[in-house]
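*Asks:* To start, I am sharing the structure in question, which I have written as structure tokens.
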Amino acid sequence: VHATASMLRSLGVRPNRGERVRVDIGFAKLLQTFDLTPESVEEMLGRSLFDDGLQVMFNGSVIERFLQSAGLGVPPGSLPERLQTRVPVANIVDIQRLVESTIDGVVNGHLMDLSMTVVDGISASYERYPPIGNVVMINSKFFLSSLREAANRVPLIQMLNLAANANRTGDFESASLLQETPVTDSVLGGDVTQYAFTMVVQYRNRLKAYLKDTQGTLDDLTAFANSVGESLGATTPLKILLPVHEALQPLRFLRIFLQQIFNSVVFVTVCHGCLTVYSLLVTDTGGRTYEYGMLRMLGMRKAALGQLLILQALFFAIPGVLLGMLASWAVSYPLLDLVAYY
């Protein structure tokens, strides 16, 4: 079992030390989860148990001797050795009262006292459940098997299993010897995840989606949600929530603002680098004037000469800016890593 770390500290239990705790499952909420009410259980019993009843067998010779001893004068051999009849259960017991008393007994009882080992202490909710309150996480397969064992101890469930076996075998005595529990298996034999209120699906490699702009992120999340819906089935009732995307919505304007600032800084840095390189190129005024004059005498136009100066500046400025950005990224990487896992 995984439990809230604060609750474990208050109980004096340390996780990952083999220490065990006893967990009492609240059956009132659990029965509501499986939609088990007196009305639903009565409907689940069906006509075969209420109206048709159970098949009861009698020994004909015993009944014949009883009638003869009572002076009724039954001729010998008039009754067969075995008499069969069906007795409606409603004529024997109050079914409604039986169902209600069983449900109340299960709700008020402690049939699900589970002794489990504490594996881990939960210190953060990670947006999977409310951060306020205590949380206990149990392995679904272990929980379902424990729930099945607890249900088989309920008298009404035992009666349902016995009736189902009797209807299948046609003999009440033979059905009482069977260890099969068809009703319990039909109700609790499926996948326990079908009764989950919330399903958390992890989006792998989601960092690439969140690094895109708002529309790109929304497109990727929509495609991912569609794939999840197709996997669960088109008829499955779904309400998909995107808590991380919704939490980032108030920050989208700040993101646009910072992106514009970054683009402006890069543009100004490139322009400043070009001017700096250009000033370095024209430091030797006399030599540069002679060089450009010779180019003009050779027939180069003023526009071509200007383009040449710009290209020379860019050849120096762009590699310098790229190297500077690479160096700044290497220096800021530890800080970014700290903020990312904060």
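Values in this text are rule-based calculations from the coordinates and carry no lab data. Computed from a predicted model, the values in this text were never measured in an experiment. Positions of Cβ are generated from backbone atoms using ideal geometry, with glycine treated the same way; all protein chains shown enter the neighbour counts.
*Asks:* Note the full-extension length gain between Ile240 and Thr289 as 0.36 nm times their separation in residues minus their Cα-Cα distance, in nm to one decimal.
*Replies:* 10.6 nm
*Asks:* What is the packing order of peptides 157-165, 114-122, 254-262, taking the mean over residues of other C-beta atoms within 10 Å and listing the highest first?
*Replies:* Going from most to least packed, we get 157-165, 114-122, 254-262.
*Asks:* Here is a further query. Computed FRET efficiency, Cβ-Cβ of Lys141 and Leu251, R0 35 Å: what is it to the nearest 0.05?
*Replies:* 0.30
*Asks:* Students often check this: by mean Cβ neighbours within 10 Å, which of 221-230, 302-311 ranks highest, and how do the rest follow?
*Replies:* 221-230, 302-311
*Asks:* Oh, and also: Could you work out the per residue convex hull volume over the alpha carbons of segment 251-340, in cubic angstrom?
*Replies:* 103 Å³
*Asks:* For Ile122, which sequence-distant residues (separation of 5 or more, or a different chain) have an amide H within less than 5 Å of its own amide H, given hydrogens modelled in the peptide plane?
*Replies:* Long-range HN contacts for Ile122: Ala3, Thr4, Ala5.
*Asks:* Turning to a different aspect of this structure: Can you tell me the FRET efficiency between Arg9 and Thr269 if r is taken as the Cβ-Cβ distance and R0 is 56 Å, rounded to the nearest 0.05?
*Replies:* That gives a FRET efficiency of 0.60.
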